[in-house]
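Following: one structure in structure tokens, then a few remarks.
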Amino acid sequence: MNKRSTFVERILNWHRNNRRNFPWRETSDPFAKLIAEILLQKTPAERVLPVFIKLNSKFPTPHELSKAGLSEVEDLVGALGLKKRAIYLLKSAKTIVDKFNGKVPDNLNDLLKLPGVGLYTASAVLCFAFNRDLPIVDSNIARILTRVFALNISSKRPQLDKSLWEFAAKLIPKGMGPRFNEALIDFAALICKSKPRCFKCPLLDICEYALKTKKQKNPIKNNEK
DNA sequence: TTCCAGATCC
DNA sequence: GGATCCGGAA
């Protein structure tokens, strides 16, 4: 079995016992998932949680959110920082109502027309809301892949590197895009963090980063807690 | 102080 | 490619 297959299998296996539960993962509503993805941009999921619940219960549909006042949306999401997202959320809801018949677009081209929606968010919506086997590469997933496979990405932001998206695409087991991508996100959040928790990582024997660290006699710090 | 499920404008 | 947006937790 090659390394990539081993990686995929172990990530999926790890995820069976370590999946995080969030309300945006329970619903199949594309609009709820879109809202969640926008709130999750550069924002820890634990902090998004209460805001998402309030926003989604108060404005569950594009039509209802499109009629909200900006200050009202700002009050709800402002605590998360990156306040322009309040404007983006409102404009996106309006765009969905005006141009897409009140339904979240199910194609990349139209999703990218929504303000505040870039390649990552659009791909995440297609994957998680419309069950598409598309890669999603954020800074966290980029961190996992570059560490484990010792990928040398010159870009200061590997998550924007096209070759990394292609690499991620090849890893996805057919028909398992949502599960695999969710597993990567959780693995990055719980194990392969910026300060990695290598002591509880199931990839130690195949991870180039861990192997290199070991070779340097530079014991991996456990950073417990 | 750094870091965080990015996007936008320059 | 770089700067900026952003508050709050570690």
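The values are calculated or read from the model by the stated rules, or taken from the named source; none is laboratory data. Every value quoted in this text rests on a predicted model; they were computed, and no experiment measured them. Here Cβ is always computed from backbone atoms with ideal geometry, including for glycine, and neighbour counts include all displayed protein chains. Calculation scope for accessible area: heavy atoms of the full protein, side chains included, ligands and nucleic acids excluded. Shrake-Rupley method; radii C 1.70, N 1.55, O 1.52, S 1.80 Å.
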Review point. Roughly what angle does helix A:30-39 make with the longest principal axis of chain A, taking Cα atoms, 0 to 90 degrees, to the nearest 10?
Key: 70
Review point. So what's the angle, to the nearest 10 degrees on a 0 to 90 scale, between helix A:3-18 and the longest Cα principal axis of chain A?
Key: 60
Point to revise | Degrees between helix A:119-130 axis and first principal axis of chain A (Cα, 0 to 90, nearest 10) | key: 80
Check your understanding: Mean shadow of the stretch A:113-208, computed from the convex hull of its alpha carbons, in nm²?
Key -> 6.7
Point to revise | Proximal charge balance of residue A:52 [Cβ under 14 Å; K/R count +1, D/E count -1] | key: +3
Practice item. Calculate I(q)/I(0) for the stretch A:23-130 by the Debye formula, one identical point scatterer on each C-alpha and no solvent, and give its log10 at q = 0.16, 0.23 Å⁻¹ to two decimals. Key: -0.61, -1.41
Review point. Expressed as a whole percentage, what fraction of the accessible surface of chain A belongs to carbon and sulfur atoms when a 1.4 Å probe is rolled over the protein heavy atoms?
Key: 51
Check your understanding: Per Stokes-Einstein, at 37 °C and 0.692 mPa s, what whole-number D in µm² s⁻¹ belongs to the stretch A:82-139, with the Kirkwood radius over Cα pairs as the hydrodynamic radius?
Key -> 280
Review point. According to the Cα gyration tensor, what semi-axes, each the square root of 5 times an eigenvalue, does the equivalent ellipsoid of chain A have, listed from largest to smallest in whole Å?
Key: 34, 18, 15
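Sum up the charges of everything whose Cβ sits under 11 Å from the Cβ of residue A:114, counting Lys and Arg as +1 and Asp and Glu as -1, but leave residue A:114 out.
Summing Lys/Arg as +1 and Asp/Glu as -1 gives +2.
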